Amino acid sequence: MLLRNDLYEEIDELYYLGKKLKIIKQINPKIKNIAYKIKDNTLFVTINKPISKELLREYLYKTNCPALFLDRVDYFSKKMNLYPKKVSFRKAKTRWGSCSSKDFISLNIALAALPRTLSDYIIIHELAHIKHKNHSREFWALVKRHYPNYKDARDELKKFATIL
């Protein structure tokens with residue numbers, strides 16, 4: 001569907017913070033970087049050349065993850081008294097997050113697609129691995145203390161599995 005003198009083209013949809021956004025793109029060869037704004041459940045994008053939905057999605061998520069989630073990691077770190085030595089954001093195909101033996105937390109950029117409640121669960125889950133490097137009863141008790149409905153969150157995450 002083309003809009004306004006063929007300047008804009010609706011190309012697809014993507015999830016962002018739990019909402020499905022319609023993507024409207026405009027190609028402008030004069031710009032250097034991707035420019036975008038979100039308004040009324042629509043992502044308006046101006047790009048200098050054609051780009052796939054996947055690359056656009058990756059750019060949007062990777063660009064926004066630190067601003068979206070570092071404050072949440074800090075908030076839950078203080079609440080749980082568990083502090084990662086490093087937090088990074090990566091594109092991963094099978095995991096929402098991980099915690100290394102050195103207490104480095106890696107969060108999937110696809111967290112940007114999830115509702116805040118689910119991304120909070122992932123953050124709490126990974127922070128709990130700082131104390132418990134396994135999925136023992138003690139681990140789940142710690143997760144439950146900070147996210148009582150964690151079982152519901154695990155089930156809800158299955159609905160978003162195709163985003164990975």
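The values are calculated or read from the model by the stated rules, or taken from the named source; none is laboratory data. Everything numeric in this text was worked out from a predicted model, so none of it was measured. Virtual Cβ from ideal backbone geometry, glycine too; neighbours counted across all protein chains shown.
Could you check, for the range 121-136, whether at least one of its residues is more than 25 Å from residue 21 (Cα to Cα), outside the structural domain of residue 17 (by TED's automatic domain parsing), under 14 Å from the mean Cα position of the chain (by Cα) and not in a helix (DSSP H, G or I)?
no
Which numbered condition trips up residue 103, out of (1) closer than 24 Å to residue 36 by Cα; (2) in contact with a Pro (Cβ under 7 Å, 6 or more places away or on another chain)?
Checking residue 103 against (1) closer than 24 Å to residue 36 by Cα; (2) in contact with a Pro (Cβ under 7 Å, 6 or more places away or on another chain), the one that fails is (1).
Scan the range 77-84 and give yes if some residue there is closer than 19 Å to residue 154 by Cα, in contact (Cβ under 8 Å) with a residue 60 or more places away in the chain and out of contact with any strand residue (DSSP E or B) (no Cβ under 7 Å at 6 or more places or on another chain), otherwise no.
The answer is no, given that none of the residues of the range 77-84 is closer than 19 Å to residue 154 by Cα, in contact (Cβ under 8 Å) with a residue 60 or more places away in the chain and out of contact with any strand residue (DSSP E or B) (no Cβ under 7 Å at 6 or more places or on another chain).
Based on what the data block shows, is residue 157 part of a loop (DSSP other than H, G, I, E, B), surrounded by 14 or more Cβ atoms within 10 Å (Cβ to Cβ) and not assigned by TED's automatic domain parsing to the domain that holds residue 16?
It is false that residue 157 is part of a loop (DSSP other than H, G, I, E, B), surrounded by 14 or more Cβ atoms within 10 Å (Cβ to Cβ) and not assigned by TED's automatic domain parsing to the domain that holds residue 16.
Let me confirm something: among 98, 106, 77, which residue is in a strand (DSSP E or B), at pLDDT 95 or above, over 12 Å from the mean Cα position of the chain (by Cα) and surrounded by 14 or more Cβ atoms within 10 Å (Cβ to Cβ)?
Result of the check over 98, 106, 77: 98.
State whether the residues of the range 132-148 include one that is in contact (Cβ under 8 Å) with a residue 40 or more places away in the chain and farther than 21 Å from residue 79 by Cβ.
Scanning the range 132-148 turns up no residue that is in contact (Cβ under 8 Å) with a residue 40 or more places away in the chain and farther than 21 Å from residue 79 by Cβ.
Tell me, which residue of the range 55-74 that is aliphatic (A, V, I, L, M) and in contact (Cβ under 8 Å) with a residue 24 or more places away in the chain is surrounded by the most Cβ atoms within 10 Å (Cβ to Cβ)? Don't jump to the end; show me each part of the working.
In the first step, residues of the range 55-74 are kept if they are aliphatic (A, V, I, L, M); the result is 55-56, 60, 67-68, 70, 73.
So of that shortlist, the ones also in contact (Cβ under 8 Å) with a residue 24 or more places away in the chain come out as 56, 60, 68, 73.
Numbers: 56: 20, 60: 22, 68: 19, 73: 19.
It comes out as 60.
Taking the residues in the range 80-95 that are part of a loop (DSSP other than H, G, I, E, B) and of a type in the set (A, V, I, L, M) as candidates, determine which candidate is farthest from residue 15 (Cα to Cα).
Going through the qualifying residues, I end up with 82.
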